[in-house]
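Read through the structure below, which is laid out as structure tokens, and then see the notes.
The values are calculated or read from the model by the stated rules, or taken from the named source; none is laboratory data. Keep in mind it's a predicted model, so treat the numbers as computed, not measured. Every residue, glycine among them, receives a Cβ derived from its backbone with ideal geometry; neighbour counts consider all protein chains shown. The area values use the complete protein model at the heavy-atom level, side chains included, leaving out ligands, DNA and RNA. Shrake-Rupley method; radii C 1.70, N 1.55, O 1.52, S 1.80 Å.
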Amino acid sequence: RTQIMKVFITRRIPQEGMKILSQAGVCKVSLWDSDETVPRAELLKGVAGAHGLLCLLSDKIDTEVLDAAGPNLKVISTLSVGFDHMKLSLCPRLHVLCRGVRVGYTPDVLTDATAELTVALLLATARRLPEGVVEVKNGGWSTWKPLWLCGYGLSGSTVGVIGLGRIGMAIARRLKPFGVKRLLYSGRTAKSYAAEVEGEYVPLDTLVSESDFVVVSCALTPETQGLCNKDFFIKMKNTAVFINTSRGAVVNQEDLYQALSSGQIACAGLDVTTPEPLPTDHPLLTLNNCVVLPHIGSATYSTRGIMAELSANNLLAGLQGTDMPSELKF
């Protein structure tokens, strides 16, 4: 008789994923039935004795969680492409490997949605759309003025993409048709596929100093943590637009605030912050030239549904010892 394995899910997820798990007939699902983050104590209680854990980006998964789960744990499936919430630095990563716990994630499926949102944020920031909406609503729209709400356009510009991976490349593909003159990129290595967008591989300093639009699309690593700091912003043009849709910790927010408030750079658009959510009294939120979104890069109905399906299928594969559609290899 097939053993029914215990699975703990840390949040309500789209029905597409729940349907797959309920129909599989191999697991009994325990769910933190809320749209809010599971409290730490409830996470540790819920995962006890579980064979599988399906978690989200806002859940801190560390050795304490692995210990609480115990020896039954076979698989952790995260409903995200990022995995920096799994505090699995070298030593704990070895713990995961030693315990035989497999990890699934959801890359690729959110590439297009995140790239679209990045372009939307770039245009909204550079062309000052949020300011325009406010002016219409508060009566600031009066007679036509030649320089009122003027911003910056992509036509004839130089765009720099930091991190030309899946999402970085998808952003570059979408920006090129706007008439971008030069597309620069930086990263650990030159990418052969960059030829498709006529991308020029340059040192980071060159990218920062020559770009009219700087788009951050790299993974969060020890090397990229705090990468965008005072020295970084000083090198940017004072007419440059800064966009980050990668991870909040790549940016030193105090330095960004100084750069924006002093006119060192023109404006910034962020879909990611430190912390998340950003406190409502945060200095960045006092600036007209800073557009902050609540981490909605992958927020389309279809993308979130596909992410839920993939995370459910990753979980089932981990439980049954079969090939996982998207397994994270340490």
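In terms of Cα to Cα distance under 26 Å, which lysines are near enough to LYS19, apart from those fewer than 8 places away along the same chain?
Within reach: LYS6, LYS28, LYS45, LYS60, LYS74.
Test of understanding: what is the full-extension gain from GLU276 to LYS191, defined as 0.36 nm times their sequence separation minus their Cα-Cα distance?
This chain segment gains 27.4 nm when fully extended.
In deg cm²/dmol, rounded to 500, what helix-only [θ] at 222 nm does the chain give when every DSSP H run of at least 4 residues adds -39500 (n - 2.57) and the total is split over its residues?
That comes out to -10000 deg cm²/dmol.
Hey, with R₀ at 56 Å, roughly what FRET efficiency would THR143 and THR221 work out to, going by the Cβ-Cβ distance, to 0.05?
After rounding, the FRET efficiency stands at 0.65.
Could you work out the per residue convex hull volume over the alpha carbons of region 154-305, in cubic angstrom?
For region 154-305, the hull spanned by Cα atoms encloses 121 Å³ per residue.
Using only the Cα atoms of the chain, what semi-axes does the equivalent ellipsoid have when each is the square root of 5 times a gyration tensor eigenvalue? Give whole Å, largest first.
40, 21, 18
Round to the nearest 10 and report in Å² the accessible area of HIS85, as given by a 1.4 Å probe over the protein chains' heavy atoms.
Accessible surface of HIS85 is approximately 10 Å².
If I model region 172-242 as equal point scatterers sitting on the Cα atoms and use the Debye formula, what is log10 I(q)/I(0) at q = 0.12, 0.13, 0.18, 0.27 Å⁻¹?
Debye curve over Cα of region 172-242, log10 I(q)/I(0) at q = 0.12, 0.13, 0.18, 0.27 Å⁻¹: -0.33, -0.39, -0.75, -1.43.
Enumerate the lysines that LYS181 could reach by cross-link, defined here as Cα to Cα under 22 Å, with residues fewer than 8 away along the same chain left out.
LYS191, LYS235, LYS237
Which residues among region 223-256 fall inside the zone where the amide N is under 17 Å from a point 7 Å beyond the Cα of LYS181, along Cα→Cβ?
Residues 237-241 fall inside that zone.
Can you tell me which lysines have their Cα less than 27 Å from the Cα of LYS230? Leave out same-chain residues fewer than eight positions away.
List returned: none.
Could you pull out the longest piece of the chain with no exposed loop GluC sites (Glu not before Pro) in it, calling a site exposed if DSSP puts it outside H, G, I, E, B and it has at most 11 other Cβ atoms within 10 Å?
Answer from the scan: 37-222.
Tabulate in residue order the Karplus-calculated ³J(HN,Hα) for region 45-60, using 6.51 cos²θ - 1.76 cosθ + 1.60 with θ = phi - 60°, rounded to whole Hz; enter x for Gly and Pro.
6, x, 7, 4, x, 6, 8, x, 10, 10, 10, 10, 4, 8, 9, 7
Could you tell me the center-to-center distance, by alpha carbons, between region 165-211 and region 280-317 in angstrom?
Answer, in whole Å: 24.
If you put +1 on each Lys and Arg Cβ and -1 on each Asp and Glu Cβ, how big is the dipole of the chain around its Cα centre, in Debye rounded to 20?
520 debye
Taking the simple approach of a point 7 Å from Cα along Cα-to-Cβ for both CYS150 and ASN72, what is their distance in nm?
6.7 nm
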